[in-house]
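Please treat every number below as a calculation from the coordinates, not as lab data. The shown structure was predicted, so the numbers you read here are calculated from the model rather than taken from an experiment. Neighbour counts are summed over all protein chains in view; Cβ atoms, including those assigned to glycine, are modelled from backbone coordinates with ideal geometry.
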Amino acid sequence: MIRSPIARDALIAVAAILVLAVLPLVFPGQAFSDFVIRLSAFAIFATSLNLLIGYGGMVSFGHGLFYGLGAYSFALLLQKGGISVPAAFALTVTIGGAVAAVIGAICIRLKEIYFSFLTLAFQMLLYSLIIAWTPLTGGDQGLTGGVPRPPFLGIRLDDPQHLYLFCCVVLVVSLFLMRHIVESPFGYTLRMVRDNPRRVGFLGVQAWRIRLLAFVVAGIFGSIGGTLMSLYVSSAYPDFAYWTISGEGVFMILLGGIGVFLGPLVGATLLLLLSDTVTRLTEYFGLVLGVVILCFALGLRKGLLGFALDAWAKRGGAGRSAPRPAVTAGKD
Amino acid sequence: MFDTKGTIRQRRNFIKAAGALTGAAGLGVPFISRAQNKPIRIGVPTILSGRVAQLGISSRNAISMEAEKFNAAGGLGGRKIEIITRDSKGKPDEAANNTRQLINSEGCEIIISAESSAGAFAVQEVIRELKVLCIHTNSETSSLSADPKIRVPTAFRTARQGIHDAIVSASYAGSVAKAKGLKTWMSCSPDYAYGRDNTSLFLEYLKRFHPEVELVGEAWPKLFQPDYTENITKILQAKPQALYSALWAGDLVSFVDQASIYGLFMQTSLFAINMADYTTLTAVKNLPAGIHSATRYIKTFPASSDNAAWADSYKAEYGDYPTNWSWENALAVGFLVSAMRKTKSTDATKLAGALRGMKIKSPFGADGTITMRAEDQTTIGYALGWGMTIPKEPYVPNVTPGDWKTILEYETEWKKKMGYA
Amino acid sequence: MDFEALLSCFSSPSCVITQTTGGLISGMLLFLVAAGLSLIFGTLKVVNFMHGSLYMLGAYFAYTVYALSGNYALAVAGAALGVGLFALIFERLLMSRVYGSDVLLQLLVCYGVILILDDAVKIIWGAQFLSMGMPPAFQRPPLFIAGGVLPVFYLFLIVITLLVAAGLGFLIAGTRIGKIVRAAAINPTMTSALGINTAVVFGGVFALGGLLAGLAGALAVPVRSLVSGMGFSILIESFIVTVIGGMGSVAGALVGALLIGLVRSFGTIGFPLFTDGLMFLFMTAVLIVRPSGLFGKEG
């Protein structure tokens, strides 16, 4: 019986949602669902960033722009706009895509490190704007007063259980969609643009269009990650647009494995677990995290998942080994 | 397919088990009687790293000292306070997350929110949802308690309030300005919510108390900005007779050091609301004479033996003098302890009911007492004043105390104007 | 936005002088840090993201040496050399392993070191902010130049920095060592084939960059308060400077630093609440028009 990859992935997605829905019965108490909600925001963000870094070879230092933009747009639309949750969501996605199109068009003209710097510059511009535009954004305090969630289709997002399920579904659907994009002809063209842009030109494909499209898709999903976080904290904070978010995204990708689709998800899980455990045990969080980072950067370069897949492959497993870490485009 | 979920679940279970064992070992109490003498876990989300680490450290010190006294006196029917702190590193979303974890995973029944003002708003949203008793101890932003949209029934505040400080500052500055003919003023405060609110309120009320005052310019350095040259030269250009600044801690020290070498204070009187804090006073190496400051915390104001004794025992235990944050946190524990003894419970609703309108004796009270106002759940009657600083102990020899009648009058008017009342 | 104030400042000579010298002052320290960053990138093709931590270490070393000896000159020298040595060790032990790797790995190694150093500083010197105060030699009234004010200490700072800039320029363009460094930057393999130990060259350049950053930190101590994490803001600014000036160009770092100093200085008058944003806007504009920076080389 031949199953198409899409159908197989769809089945996995449904199964994942069902498992996630049942897990709170195994781990009662809000701590578990809080963890999964935070994880969903970060996992979507990190996976969207990997579209650029891993699959596109475009090292963006400013992806946090979309995370912050998504959080603020969504929260503001609900708080000050008073519209419904689906409408706010749709609008946020549109805004994220539009901004990504404009900024992407400017940034992708630059190569390598200068592309990275320009994306960072744009992100810090947004951050400065958020801090300065206090009447709208609340400035450095963020949005105070909470984010209202009017019920829609019988879903009440101020009920912790509904919120948990909502985040699980958004997570799985987003991963499914991104997976589908990555495994589509567009995704393979993107990989080709990453590895051999000249050849792509000879085949009649315009590399910049592919890169721009990837940037927009990544921006949209980055914004979605931001919306989930704004629901979790019932606000939006300037930190969401600070460069450290981009740094954390990069770290999650490297922790989990840059060449594996689910790598960022694993990386996000690990980083959150590490963060929570260490914060509980010591106030010298930086010291511990720094040492861990060094171990990974100098030792486990393919990330945990990549390392594990390699080990699996060596034991004569399904023949799948982790691809080599992506090389930045144009660096010959 | 690689079984990521399995390993993760295993790891999480292991961590849970390890955590439980550590917890049990940490309590050091025989397993059987744990149920009866279950500790009262108080969660303290705060900032323990980065530039504002001193906030968390001095807060935690004060809480621990007061908790020890309570525990030594037998606690609440044998139940002793256990403090659990979490570092948010100054990020509000981490503050929210830490608070949730303290309540959900660590079983904290009470939260003492020793966060910065941004963090306090984040904690407030968690308290709104989880309805646990919370006392904010470091956030001075008035809207946290004054704005009914932000207020939450189980959240209280024992920190000084921006509007109170503004009224006292303006009243003092107004009389000094009248006496010394200081007509032209400028401000130099950090560009973030606290700096802006504090400064604009001060300037507004200064004009009320002394209408001849003229504002000739404003400088807005960024928070934690290391180099104030451009702000100092801007001030020098405008040559104001007086300068108001809400800069604090390391920033204030840098600013005073840098401005001194420009000779700024030879022509301009400095009114620095945050100068009279022991950490800051002892850090400025060549403190220029004649700086006016509010009393953040000085052991000689109020000039009572209780206050001096508290400062000395804090110093004996921790090696440094207490900060403004220290007394605010000590006050919170004071209120909590009274409420717990009165209601003989740690239930949020009961404690909240007891706290509303409660008046306790306190070494930090202007008249020896402090009241937790019922209508907006924040404290009034604490000692605050202004004076001129000298470079050695007692640092502020003569303090002009704020008059609470005046403060409350103007505060009521302000609330009506803001639409809060 | 306060265009009126800005225009009135431009039309007043004393304002122009004071703000310009103010801009120079901010720019000078920035130049020292940015020059090191630029050199390291130009020669080693590596972005040293932890450069701000070297500045921080320089400040703390200077503070300690001054506290022990009471001699500021000794403190400055000690800090510069100490940080240079530290940078060398860091380069040999950690950074050299990620040459040629993805910039992400380099970023990560540096980020890890920043985290460790910030906490290490907190453990060794404490979490509280420290202040050294002005050394007695500089406790004099400021100079008055054509209506503008210039504190004696800042004059000292400008002179030292200009000397260093001149020294660096001479070192790179005029000496054999400079030629070797430039050769190693253009073609390390060939240089190595010619019998020159590129490891020594790379280590040396990194140490020099560290020395410059440490020197900047030591020079800043009399007018700054020290705290863990203080390297961060100067890192961001020196980044902007190197990007604007062109990665790899010391002259570019000087021009960039002065430009940023002036943008801040006049920007505070015209755009008091958006001065940071102004810097990023400037950086964005330069990147769009001249992606390699003002003095940078293409590719």
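Roughly how tilted is helix C:250-270, in degrees to the nearest 10 and between 0 and 90, from the longest Cα axis of chain C? Long axis of C:250-270 versus the principal axis of chain C: about 30 degrees. With only the Cα atoms considered, segment A:27-242 has a convex hull volume of 119 Å³ per residue. Just name one of B:Ala366, B:Asn98, B:Ser245: the one whose Cα is farthest towards the positive end of the charge dipole of chain B (beta-carbon charges, Lys/Arg +1, Asp/Glu -1). The one lying farthest along the dipole's positive direction is B:Asn98. When the Cα centres of segment A:4-71 and segment B:75-107 are compared, how far apart do they sit, in Å? Measuring centre to centre over Cα atoms gives 28 Å.
Ranked by the mean number of other Cβ atoms within 10 Å per residue, highest first, peptides B:394-402, B:324-332, A:147-155 order as B:324-332, B:394-402, A:147-155. Full extension of the segment from B:Ser175 to B:Lys405, taken as 0.36 nm per residue of separation minus the current Cα-Cα distance, would add 81.1 nm.
Where only DSSP H runs of four or more residues are counted, chain C gives -24500 deg cm²/dmol as its mean residue ellipticity at 222 nm, each run worth -39500 (n - 2.57).
Based on C-alpha pairs under 8 angstrom that are at least 6 apart in sequence, chain B has a relative contact order of 15 percent. Mean partner shielding of peptide A:230-237, defined as the number of other chain Cβ atoms within 10 Å of each residue Cβ, is 5. Which residues does a label at A:Leu273 reach in segment A:23-62, if reach means a backbone N under 14 Å from a point 7 Å past the Cα toward the Cβ? Within reach of a label on A:Leu273, which here means backbone N under 14 Å from a point 7 Å along Cα→Cβ, segment A:23-62 contributes A:35-36, A:39. Per-residue mean of foreign Cβ neighbours for C:88-97 is 1 (Cβ atoms of other chains, 10 Å radius). Between A:Val173 and A:Val205, the modelled labels are 2.9 nm apart [label points 7 Å from Cα along Cα→Cβ]. Label-to-label distance, A:Val291 versus A:Asp159, with points set 7 angstrom from Cα along the beta-carbon direction: 4.6 nm.
With pairing defined as another cysteine C-beta under 4.7 Å, the cysteines of chain C that fail it are C:Cys110.
Only the Cβ atoms of Lys and Arg (+1) and of Asp and Glu (-1) were treated as charged; on that basis the dipole of segment C:3-289 about its Cα centre amounts to roughly 560 debye.
If both residues of a DSSP beta bridge must be in chain B, then about 30% of such bridges are antiparallel.
Counting, for every residue in C:100-110, the Cβ atoms of other protein chains within 10 Å of its Cβ and taking the mean gives 6. Of the residues A:Leu51, A:Leu77, A:Leu25, the one that moves most in a GNM of chain A with alpha-carbon contacts below 10 Å is A:Leu25. To the nearest ten degrees, helix C:198-220 and the longest principal axis of the Cα atoms of chain C are 20 degrees apart. Neighbour counting of Cβ atoms within 10 Å sorts the residues C:Tyr99, A:Tyr55, B:Tyr318, A:Tyr242, fewest neighbours leading, into C:Tyr99, B:Tyr318, A:Tyr242, A:Tyr55. From its DSSP helices (H runs of at least four residues, each -39,500 (n - 2.57)), chain B gives a residue-normalised ellipticity at 222 nm of -15000 deg cm²/dmol. When the protein assembly as shown is described by a simple charge dipole with +1 on each Lys and Arg Cβ and -1 on each Asp and Glu Cβ, the residue from C:Thr268, C:Leu117, C:Phe144 located farthest towards its positive end is C:Leu117. Exceeding 23 Å between C-alpha atoms, which entries from my cross-link table qualify? They are B:Lys131/B:Lys344; B:Lys361/B:Lys416; B:Lys149/B:Lys417; B:Lys299/B:Lys415; B:Lys69/B:Lys359; B:Lys131/B:Lys417. Beyond 23 Å between Cα atoms: B:Lys361/B:Lys416; B:Lys299/B:Lys415; B:Lys131/B:Lys417. Taking Lys and Arg as +1 and Asp and Glu as -1, the other residues whose beta-carbon sits under 13 Å from that of A:Leu78 total +1. Evaluating 6.51 cos²θ - 1.76 cosθ + 1.60 at θ = phi - 60° for every residue in segment A:156-163, the Karplus couplings come out as 10, 6, 8, 8, x, 6, 4, 4 Hz, glycine and proline recorded as x. A simple count of charges around B:Ser254, restricted to other residues whose Cβ falls under 9 Å of its Cβ and scoring Lys, Arg +1 and Asp, Glu -1, yields -2.
Residue by residue, segment A:64-76 carries 3J(HN,Hα) couplings of x, 3, 6, 4, x, 4, x, 4, 5, 4, 4, 5, 5 Hz when phi is fed to the Karplus relation 6.51 cos²θ - 1.76 cosθ + 1.60 (θ = phi - 60°); x denotes Gly or Pro.
For a footprinting-style exposure proxy, rank A:Leu11, C:Leu278, C:Leu162, A:Leu254 by other Cβ within 10 Å, fewest first. By the 10 Å Cβ count, ascending: A:Leu11, C:Leu162, C:Leu278, A:Leu254. Model label sites at B:Asp312 and B:Thr371, defined 7 Å from Cα along the beta-carbon direction, differ in position by 3.3 nm. The order of A:Arg179, A:Arg209, going from fewest to most other C-beta atoms within 10 Å of their C-beta, is A:Arg209, A:Arg179. Report the calculated FRET efficiency for C:Leu74 and C:Lys45 (r = Cβ-Cβ distance, R0 = 30 Å), to the nearest 0.05. The formula returns an efficiency of 0.25 here.
If R0 equals 25 Å, the separation of the Cβ atoms of C:Leu85 and A:Leu298 corresponds to a calculated FRET efficiency of about 0.70. Rounded to the nearest Hz, the phi-derived 3J(HN,Hα) couplings of segment C:165-181 under the Karplus curve 6.51 cos²θ - 1.76 cosθ + 1.60 (θ = phi - 60°) are 4, 4, x, 4, x, 5, 4, 6, 8, x, 10, 5, 4, x, 4, 4, 4, where x marks glycine and proline. Annotation for segment A:173-238 versus segment B:226-269: alpha-carbon center distance of 49 Å. Taking amide H as placed 1.01 Å from N in the peptide plane, the amide H of B:Glu82 sits under 5 Å from that of B:Ile40, B:Arg41, B:Ile42, each at least 5 places away or on another chain. Just name one of B:Thr279, B:Gln161, B:Gly217: the one whose Cα is farthest towards the positive end of the charge dipole of chain B (beta-carbon charges, Lys/Arg +1, Asp/Glu -1). Projecting each Cα onto the dipole axis, the largest value belongs to B:Gln161. When only the Cβ of Lys, Arg, Asp and Glu is charged (+1, +1, -1, -1), the dipole of the protein assembly as shown relative to its Cα centre reaches about 2140 debye.
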